[in-house]
Amino acid sequence: MRALRALSLASVLGAWVVISIGGFVTSTGSGLGCRDVILCGEAPLGSAAATIEVTHRVAAWIEGGLVLALLVLVLLRYRSWNPVRNLTVLVFVLIVVQSVLGMLSVAAGYGALGDLSAYPVFVGLHLAVGTATLAVAVLNAAFIFFRPPLAPAPTGTSARSTTVEV
């Protein structure tokens, strides 16, 4: 249970850090600091913008790793804890969607998707999904910390479940 709590808390803090750095990326105009969507590649806005953008990407990769580790742990040890399982899967899906939107925003900003007007739309969607990721991660951590899983009723008794002491 200790590892589950630590990973859930780390995923909340990680989501907050990624959003915070993303705000700095946007406020400094560094969102297009790297031309390539995976590796930085060419830095058309200069090294400072590239450094800010790469910092955001590294934080996002770390957050993705934390959420993936949480997902693996939940699926291996806590699969029957439905709210936690479902919320953890949702956080993981949101991380994937957020990553795709981040890549699409860079592609749109460089005209790879045609009209440049799509760039602010993708940036806004990227932030919206990031915010949803943080909200779901917080809800998941709240379940993990404050709502222990239900134990199955002993055989031969009523169907009512009791909580397990943690």
Counting only residues in region 108-120 that are touching a helix residue (DSSP H, G or I) at 6+ places or on another chain (Cβ under 8 Å) and part of a helix (DSSP H, G or I), the one nearest to VAL12 (Cα to Cα) is identified as TYR119
Evaluate the following for VAL18: is it assigned to a helix (DSSP H, G or I) and either aliphatic (A, V, I, L, M) or under 18 Å from TYR119 (Cβ atoms) (or both)?
yes
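Residue-by-condition table, conditions (1) of a type in the set (Ser, Thr, Tyr); (2) touching a residue at least 40 places away in the same chain (Cβ under 8 Å); (3) touching a strand residue (DSSP E or B) at 6+ places or on another chain (Cβ under 6 Å); (4) farther than 30 Å from LEU139 by Cα:
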| position | (1), (2), (3), (4) |
| --- | --- |
| SER8 | yes, yes, no, no |
| SER11 | yes, yes, no, no |
| GLY14 | no, yes, no, no |
| VAL25 | no, no, no, no |
| LEU32 | no, yes, no, yes |
| CYS40 | no, no, no, yes |
Of the residues in region 26-44, those that are crowded, with 21+ Cβ neighbours inside 10 Å and not hydroxyl-bearing (Ser, Thr, Tyr) come to GLY31, GLY33, CYS34
By residue number, the members of region 89-108 that are more than 9 Å from the chain's Cα centre (by Cα) and farther than 16 Å from ARG57 by Cα are VAL89, LEU90, ALA108
*For ARG35, are the conditions met, namely being among the basic types (Lys, Arg) and not in a loop (DSSP other than H, G, I, E, B)?*
no
GLU42 vs. criteria acidic (Asp, Glu) and part of a helix (DSSP H, G or I)
no
Checked region 108-118 for anything in contact (Cβ under 8 Å) with a residue 60 or more places away in the chain and surrounded by fewer than 18 Cβ atoms within 10 Å (Cβ to Cβ); matches are TYR110
When every residue in region 48-97 that is among the basic types (Lys, Arg), without any contact (Cβ under 8 Å) to a residue 60 or more places away in the chain and assigned to a helix (DSSP H, G or I) is compared, the one surrounded by the fewest Cβ atoms within 10 Å (Cβ to Cβ) is ARG85
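Read the figures in this text as sums done on the coordinates, not as results from a lab. Since we're looking at a predicted model, the values are computed, not measured. Quick reminder, even Gly has a Cβ in these numbers, built from the backbone with ideal geometry, and neighbours come from all protein chains shown.
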